[in-house]
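Nothing in this text is a laboratory measurement; each read-out follows from the coordinates by a stated rule. Since this is a predicted model, take the numbers as computed values, not measurements. For neighbour counting, all protein chains shown are included, and Cβ atoms are generated from backbone atoms with ideal geometry for every residue, glycine included.
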Amino acid sequence: MNRDLLQWFDQGHRSMPWRDDPNPYYVWISEIMLQQTRVHVVIPYFKRFIETLPTVHHLAAIDDEKLMLLWQGLGYYNRAMNLKKSAQIILEKYGGHLPKSKDELLTLPGIGEYTAGAIASIAFGQKEAAVDGNVLRVFTRLLADSGDITKVATKKRVTEAVMKELGDRPGDFNQALMELGALVCLPKNPKCEICPVAHHCKAKEQGTQESFPVKPKKKEAVHENKTVFVLRTNGQTMISKRPEEGLLKNLWQFPLVDGHMNRKDATLYLREEGYDPLRIKKGPSYKHIFSHRIWNIHSYIVDVAEMVTNHHWIVQDELSEYAIPSAFSKILEYIEHEK
Ligand code: SF4
């Protein structure tokens, strides 16, 4: 199977900046970005990140606010903070060079089994498997393995099967598997007719491709209603920093309260908070989906008589200098187009 897959990969694969120049720093940054985000979204972020922070030294020294701004839109901001923490450890402990072994990579914040295996194999040619959701799907189909893929025992079985196939180009083999999962062995309607490893595939033989991978039923996402206020006066807008812990920690947001408020309740609420609302109009209403949580957002754009001074007011044009998560993008777009 190794030969068939690599032959297919060698005949042509998608160009990606970190593939075209697989230096360890690039591989590491790209793997972290790709943990929750698709390739076509990652590419422009990756290029901007590398232009701004071309080495581990730059990353270790970047100001937190600037780092958040570079990451803005990618979500899961912990990843960015872990990159910086890891860069500082890499400088202190490894002289600025990423460690080569999977075990050492695993000691860095934000690097788990999959990412350590991917970096060790792609950047350093180590014989390590890199088993993520795509590889679990491909391999449980190849083996017709009906184990629950969220279970450690199934992951272990798949990892062992991948290890046996790694051959002498483990980095390319792992990337070829990822490519196969992304382009051919799709979750729905896998393209078995063009699959380079079809004749190794037990699920194909049985005609049961779409029964794999086996996973438990998804937990229902929690729906939360939120009301967001864009408060403005004299060209200034109010933003506040989110708490140091929890969802979207340390990022900036427009004032936000739990629940939906109608215009009358919103006016009363703002008065209680010490504002004098002169004009209140409806802003966008939309859903923002996190991994297990959905915010149903209603928003109001409010002109107030004056600033409440113990809050953070900025000139509206400066909003782009603050890391405001994508949960608020629709509101940012709305006020941008209002101009
Ligand atoms: S034959 Fe079909 S199910 Fe099997 S690995 Fe290839 S694409 Fe996936």
Taking every other residue with Cβ under 10 Å from the Cβ of GLU224 and scoring Lys and Arg +1, Asp and Glu -1, one gets +1
Placing each pseudo-label 7 Å from Cα in the direction of the beta carbon, VAL41 and LYS281 end up separated by a distance in nanometres of 3.1 nm
Checking rank on 227-238, 112-123, with mean other Cβ inside 10 Å and highest first, the result is 112-123, 227-238
So, with points 7 Å from each Cα along the Cβ direction, the GLU321-GLU245 label distance in nm works out to 3.2 nm
What the 10 Å binned alpha carbon P(r) of the range 115-247 shows, as percent of pairs per bin from 0, is 11, 32, 23, 12, 12, 8, 2
Computed, not fitted: 222 nm per-residue ellipticity of the chain from DSSP H runs ≥ 4 (each -39500 (n - 2.57)), nearest 500, equal to -13000 deg cm²/dmol
Here the relative contact order (percent) of the range 198-339, from C-alpha pairs under 8 Å and at least 6 apart, is 29 percent
Expressed as a whole-number percentage, the relative contact order of the chain with C-alpha contacts under 8 angstrom and at least six residues apart is 15 percent
Protection proxy (average C-beta count within 10 Å per residue), highest first, orders 154-160, 97-103 as 154-160, 97-103
With MET81 itself left out, Lys, Arg at +1 and Asp, Glu at -1 over residues whose Cβ is under 13 Å from its Cβ give 0
Any lysines whose Cα falls less than 17 Å from that of LYS93, other than same-chain ones fewer than 8 residues away, would be LYS84, LYS85, LYS102
Share of Cα-Cα pairs in the range 128-205 beyond 20 Å, whole percent, is 25 percent
The rounded separation in angstrom of the Cα centers of the range 109-160 and the range 274-304 is 42 Å
Partner aspartates and glutamates whose C-alpha sits under 20 Å from that of LYS215, ignoring same-chain residues fewer than 8 away, are GLU113, ASP132, ASP145, ASP148, GLU160
The Cα radius of gyration of the range 222-338, divided by 2.2 N^0.38 Å with N its residue count, comes to 1.01
Applying the span-like rule to the chain (DSSP H, Cα extent along axis at least 27 Å, Kyte-Doolittle mean at least -0.5) gives none
Among beta bridges assigned by DSSP with both residues in the chain, the antiparallel ones amount in percent, to the nearest 5, to 60 percent
Evaluated at 20 °C and 1.002 mPa s, the Stokes-Einstein D of the range 2-211 based on the Kirkwood radius over Cα pairs, in µm²/s, stands at 120 µm²/s
